[in-house]
């Protein structure tokens, strides 16, 4: 039997206690307001279970009455997967499940609950002399459950992989309230389907992740970091290939940033000082890890080799922690600074690494044909093919006019991405923002398989209804 919002709140309060249930719209506001302010639906309630058993109890109630459930971590997602779509769903916040259950240095694993803040996971690993290498701009508020549900990437994908590759197993509550106990820490377990990989990246549509076993690694003794002046994306690609050949897995990051990004941040005083060695059309933020027992200077030697063959013009090498912090601030503030330049149109896309120069050239020209004067601001993870192909409005344009044309710009960029063999969502996911787009670009057989899995695991459609598959 269906329940109205008042009845849902009463039932949840009986299950978990009234202190764990939020029913007033004003009190729910922090859970409803996602970072880009694109989605504005209300919720029937927000519930904050204290443990896995309480999560199971909430899911059983929802399954019995057909109540839509939205699992939410730190509410940092950028495609609306973690906020309501219909207005009658219950948000189930995993914030109180915030324990690091175990950490095994010998095995290189850490088991953390879904509500553990990513930065807290970093600190837990570091306290044991280890490292959890998933690093995001939102790591101070993003939580492990959301990171896994969205298969987040970040700046260390080049060396360590994305969230899926850093996860060995998960514990999750299924749509009928059963608990999947899959906290596997084995490197080899060849006993059938990898159910963990169904749940990681599923955006809460197949189950609610409550804990995960994560890979941790020995801490490097130091990092060697540089901002390199580069003439073009083509030259950046060649430099990346040189560095990868010389440094191998020690090459942690190769991030591409255009000159306009530096101009924006200096204009809006977001940097304490210019971190570069001087003006350049493009910059590459490059970082190598130096493990214990190895000599420093590998990055400087590699850049000198690149200089000798004309791949770079000059570079600023970090000489201190403050230098490194300032260089990374330059990269991490790229998305934020665009909001200070008016309206922006953003794309989280990926293409084969070799196609990045063509994507940037063709995409910039295509967007300019749609909107003359638009300012391309492409930046991001060149080392793994994920470019945040963003655009800032023409100078002096009306932001509302700009955003009224964003669909035409999106179509122009996505057409090029698909032609180059790329993906329309590299690391942000699908959520509600791209669910219709997914139907148009995904292989029909793949969509049919995904729908079959959804129907098998969530036959009543209560888990994050309307997201991802629509």
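The values are calculated or read from the model by the stated rules, or taken from the named source; none is laboratory data. None of these values were measured; they are calculated from a predicted model. Quick reminder, even Gly has a Cβ in these numbers, built from the backbone with ideal geometry, and neighbours come from all protein chains shown.
Being part of a loop (DSSP other than H, G, I, E, B), closer than 27 Å to residue 138 by Cβ and touching a strand residue (DSSP E or B) at 6+ places or on another chain (Cβ under 8 Å) is the requirement here; does residue 35 meet it? Answer is no for this residue. If you go through segment 176-189 and pick out every residue that is in contact with a helix residue (DSSP H, G or I) (Cβ under 6 Å, 6 or more places away or on another chain) and either assigned to a loop (DSSP other than H, G, I, E, B) or not assigned by TED's automatic domain parsing to the domain that holds residue 108 (or both), you end up with 2. Looking across segment 141-166, the residues that are over 19 Å from residue 457 (Cβ atoms), out of contact with any helix residue (DSSP H, G or I) (no Cβ under 8 Å at 6 or more places or on another chain) and in a helix (DSSP H, G or I) come down to 146, 165. When restricted to residues that are touching a strand residue (DSSP E or B) at 6+ places or on another chain (Cβ under 6 Å) and part of a strand (DSSP E or B), segment 216-250 contains 10.
Screening the candidates 169, 115 for the property of being part of a loop (DSSP other than H, G, I, E, B), modelled with pLDDT of 95 or more and touching a strand residue (DSSP E or B) at 6+ places or on another chain (Cβ under 7 Å) yields one hit, 115.
When 116, 100 are screened for being surrounded by fewer than 21 Cβ atoms within 10 Å (Cβ to Cβ), in contact with a helix residue (DSSP H, G or I) (Cβ under 8 Å, 6 or more places away or on another chain), farther than 24 Å from residue 37 by Cα and free of Cβ contacts under 8 Å to residues at least 40 places away in the same chain, only 100 passes. Here 158, 136, 186, 148 are screened, and the one residue that is at pLDDT below 95 and within 12 Å of the chain's Cα centre (by Cα) is 136. Taken together, the residues in segment 406-429 that are part of a loop (DSSP other than H, G, I, E, B) and modelled with pLDDT of 95 or more amount to 4.
Listed here are the residues, each with its yes/no results for (1) farther than 28 Å from residue 459 by Cβ; (2) surrounded by fewer than 19 Cβ atoms within 10 Å (Cβ to Cβ).
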| site | (1), (2) |
| --- | --- |
| 14 | no, yes |
| 27 | yes, yes |
| 35 | yes, yes |
| 53 | no, yes |
| 61 | no, no |
| 64 | no, yes |
| 70 | no, no |
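Restricting attention to segment 119-132 and to residues that are over 18 Å from the mean Cα position of the chain (by Cα) and touching a residue at least 12 places away in the same chain (Cβ under 8 Å), the residue that is surrounded by the fewest Cβ atoms within 10 Å (Cβ to Cβ) turns out to be 129. Scanning segment 272-279 turns up no residue that is outside the structural domain of residue 156 (by TED's automatic domain parsing) and without any contact (Cβ under 8 Å) to a residue 12 or more places away in the chain. Take the conditions at pLDDT 95 or above, surrounded by 13 or more Cβ atoms within 10 Å (Cβ to Cβ) and farther than 30 Å from residue 244 by Cβ and apply them to residue 199. Does it pass? The answer is yes for residue 199.
The residues in segment 444-470 that are touching a helix residue (DSSP H, G or I) at 6+ places or on another chain (Cβ under 9 Å), more than 21 Å from residue 79 (Cα to Cα) and surrounded by fewer than 16 Cβ atoms within 10 Å (Cβ to Cβ) can be counted, and the count is 1. Checked against (1) modelled with pLDDT under 95; (2) surrounded by 14 or more Cβ atoms within 10 Å (Cβ to Cβ); (3) more than 19 Å from the chain's Cα centre (by Cα), residue 335 passes all but condition (3).
Here residue 222 meets each of (1) buried (at least 21 other Cβ atoms within 10 Å of the Cβ); (2) touching a residue at least 60 places away in the same chain (Cβ under 8 Å) with one exception, condition (1).
As a summary of the residue check, residue 192 satisfies the conditions (1) on the phi < 0 side of the Ramachandran plot; (2) over 21 Å from the mean Cα position of the chain (by Cα) except for the one numbered (1).
Go through segment 241-262 and count every residue that is over 27 Å from residue 340 (Cβ atoms) and either surrounded by fewer than 23 Cβ atoms within 10 Å (Cβ to Cβ) or not assigned by TED's automatic domain parsing to the domain that holds residue 324 (or both).
Residues meeting the conditions: 10.
Scanning segment 412-443 for residues being loosely packed, with under 12 Cβ neighbours inside 10 Å and either at positive phi or touching a strand residue (DSSP E or B) at 6+ places or on another chain (Cβ under 8 Å) (or both) gives a total of 1. Residue-level analysis places residue 265 outside the set of residues that are surrounded by fewer than 22 Cβ atoms within 10 Å (Cβ to Cβ), in the same structural domain as residue 303 (by TED's automatic domain parsing), out of contact with any helix residue (DSSP H, G or I) (no Cβ under 8 Å at 6 or more places or on another chain) and not in a strand (DSSP E or B).
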